[in-house]
Amino acid sequence: MSEMSFEQMLDESFKTIRQNERVEGTVIDVKPDEIVLNIGYKADGIITRNEFSNDPNVDLTTAVSVGDTLEAKVKRVNDGEGQVLLSVKSLKAEKGSEVLEAALASGEHLRAKVVQVLNGGLSVIVDETRVFIPASLVSDTFEKDLSKYAGQEIEFVITEYDPKKRRIIGNRKMIVEAEKAERQAELLSKIKIGDVIEGTVKNVTDFGAFIDLGGLDGLLHISEMSWGRIENPKKVFKVGDTVKVFIKDMKETKIALSMKFPDENPWNNATEKFAVGTVLKGTVARMTDFGAFIELAPGIDALLHVSQIAKEHIEKPSDILKIGQEIEAKVVDFNEADKKISLSMKALLAPEEESVEEAPAEAPAEASEEAPAEDAE
């Protein structure tokens with residue numbers, strides 16, 4: 001039996017490694033573009049930046065330190081320079097594939113950071129394995145602009161897994177819908193008609209505002225925004241505003257809201273405030289050919305008929321009045337049942353006009369009383 005040379009004995013002292021084998025080693029040097037790993041083989045293992053991570057900006061000098069233990073996959077036993085080329089990325093991707101396949105079967109929720117925002121969706125990395133989340137599966141409502149998700153960590157499930165075709169699809173929409181349904185059920189179990197609740201303005205339209213009540217949206221119709229008149233909801237509310245509302249009606253998941261709180265009803269104590277004969281100030285709110293509507297308080301308009309504006313004949317209110325003008329008038333009729341109030345400006349002028357008209361009739365009387373005095377002379 002021939003004796004082994006020193007080199008042969010040295011080779012025998014090291015373990016044998018093969019391509020695609022998983023190996024573990026200790027970091028003995030870290031450079032900006034590569035990591036040197038002692039894997040117990042006759043040659044050191046080299047992990048380049050590209051084989052460490054899919055992130056091209058990764059800083060190897062901060063990612064690992066000398067003395068760290070790393071697991072990697074053998075890509076080539078001899079890279080041409082007598083060194084072993086290793087890949088952490090490939091090993092992670094291999095493990096990632098196992099994780100994703102298991103997640104598909106179990107429905108497990110996964111979390112990962114969005115590494116790229118694409119025209120058609122989002123891209124995330126799970127253990128160096130890329131997962132694509134189509135735009136239609138990002139949320140329960142379609143979002144045209146996905147830029148807000150860049151760099152965010154999001155939760156999703158795997159709904160399609162085909163590594164051969166490199167088709168791995170994630171779905172965030174399912175989680176959002178499930179969480180929303182849970183919040184809705186919890187909210188509906190707590191609230192009832194008449195409850196006062198705080199919410200956040202989610203959207204404003206010409207006909208009203210949608211209020212997020214914390215799991216379910218309620219509609220605050222323009223007619224329920226105030227006891228007064230609201231011309232344009234967008235001038236009153238903006239997205240993000242916090243509002244206090246009460247639940248006016250509920251039908252399954254449809255909730256009608258109101259801000260017309262009963263204790264703020266301007267018709268409260270109206271019998272006293274608007275009694276016939278009371279002189280009030282108001283603002284011209286709108287006009288028609290037959291009269292002007294005067295706002296006496298938010299939510300209370302009174303009719304000033306064209307015949308009650310002035311002593312003289314007026315063709316139409318706009319000949320005398322203008323929108324926004326403040327006027328003074330007397331209440332001449334009050335109907336609480338029908339919520340109707342009639343005003344008169346003319347009634348305030350009547351006493352003065354009558355005294356002027358009566359003056360000529362008094363003159364002869366005075367003359368007749370003086371006549372005997374002249375006779376006496």
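The values are calculated or read from the model by the stated rules, or taken from the named source; none is laboratory data. Keep in mind that this is a model prediction, so the values were computed, not measured. Neighbour counts run over all protein chains shown; Cβ positions are idealised from the backbone, glycine included. Areas reflect the complete protein model, heavy atoms only, side chains present, ligands, DNA and RNA absent. Shrake-Rupley method; radii C 1.70, N 1.55, O 1.52, S 1.80 Å.
Quick notes
- Across all Cα atoms of the chain, the radius of gyration (one decimal) and Dmax (whole number) stand at 42.8, 181 Å.
- Computed extension gain for Arg22 through Thr69, at 0.36 nm per residue and net of the alpha carbon distance, reaches 15.6 nm.
- In the context of the full set of protein chains, residues of segment 132-199 present 64 Å² of accessible surface per residue (probe radius 1.4 Å, heavy atoms only).
- Note on the chain: with neighbouring protein chains present and a 1.4 Å probe, carbon and sulfur make up 48 percent of its accessible heavy-atom surface.
- In terms of distances greater than 18 angstrom between alpha carbons, the cross-link table entries Lys192/Lys248; Lys180/Lys244; Lys148/Lys238; Lys180/Lys202; Lys92/Lys113; Lys148/Lys235 yield Lys180/Lys244; Lys148/Lys238; Lys148/Lys235.
- Pairwise FRET efficiency - Asp263 versus Glu108, Cβ, R0 = 41 Å, nearest 0.05: 0.20
- Per residue, segment 27-97 exposes an accessible area of 48 Å² to a 1.4 Å probe, with every protein chain left in place.
- Segment Glu312..Glu98, full-extension length gain: 67.7 nm, with 0.36 nm per residue of separation and the alpha-carbon distance subtracted.
- Considering only segment 15-124, percent of DSSP beta bridges that pair antiparallel, nearest 5: 90 percent
- Dipole in debye (nearest 20) - segment 135-223, about Cα centre, beta carbon charges: Lys, Arg +1; Asp, Glu -1: 460 debye
- A straight chain from Lys254 to Phe290 at 0.36 nm per residue would run longer than the Cα-Cα distance by 8.8 nm.
- Where labels lie 7 Å past Cα in the beta-carbon direction, separation of Ile175 and Thr141 in nm: 2.1 nm
- The calculated 222 nm mean residue ellipticity attributable to helices in the chain amounts to -7000 deg cm²/dmol, summing -39500 (n - 2.57) over DSSP H runs of n ≥ 4 and dividing by all residues.
- Of all DSSP beta bridges in the chain, antiparallel share, percent nearest 5: 90 percent
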